[in-house]
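Here the structure comes first, spelled out in structure tokens, and everything after it is commentary.
The values are calculated or read from the model by the stated rules, or taken from the named source; none is laboratory data. Just so it is clear, the model here is predicted, and its values are computed rather than measured. Using ideal geometry, Cβ is built from the backbone for each residue, glycine included, and neighbour counts are taken over all protein chains shown.
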């Protein structure tokens, strides 16, 4: 079991940089300094589940299978750079994870985080604060009229297998199940739910956004929902 330390994200102005020419500060270096100080006000010593998922478990509580590099923006517009592969996103808690060492992982306080990037296998994933809870959405596409987002919420279900002889029920293994909800955000900042991003979900919005009917008539492949919803947003912006 690895220890996971809860740490306040705002550790002090010397760790941050704004829109000036101030050099970037590594998240890993900054947080490491505080982890080493046991009596720091930001340190609580709480522990949680290890990063790795145990065998015979369906699904994953983390967005990425590996650690990635990235950049984190605060609501104050200040930011951290992290060039090392030490970042991940916990879908169950909607929290950014930072690996300090092979035995120490920090769950960052998300109250002051506006958005963040994580780079995994050369691809950039941009997460933005979507609601005040907060929930973070993956930005699929951004433009002036319509932008596209995906919110992934994950719930944990413990193994509940029962064998009564005459019948069996439940699951022999723990499960992490994802719920994916797609959204358009218009120029006024309104979030428009596309639910699962399927064609039948889009048709429900045709009365509100007539151009959606024209998009559906293009008969594009809707199997990859990320690509399909992104195509919809691009189409609406081209109208």
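The strands (runs of 3 or more DSSP E) located wholly in segment 86-183 that include 1 or more residues which are modelled with pLDDT of 95 or more and touching a strand residue (DSSP E or B) at 6+ places or on another chain (Cβ under 6 Å) occupy 113-120, 123-131, 135-141, 146-157. The criterion of being farther than 28 Å from residue 57 by Cα, over 15 Å from the mean Cα position of the chain (by Cα) and surrounded by 11 or more Cβ atoms within 10 Å (Cβ to Cβ) does not hold for residue 217.
Scanning segment 108-128 for residues that are over 20 Å from residue 85 (Cβ atoms) and in contact (Cβ under 8 Å) with a residue 24 or more places away in the chain, we see that the one that is surrounded by the fewest Cβ atoms within 10 Å (Cβ to Cβ) is 111.
Within segment 179-193, residues that are over 22 Å from residue 91 (Cα atoms) sit with their Cβ atoms under 6 Å from residues that are outside any strand (DSSP E or B), at 6+ positions apart or across chains, in these pairs: 187/145.
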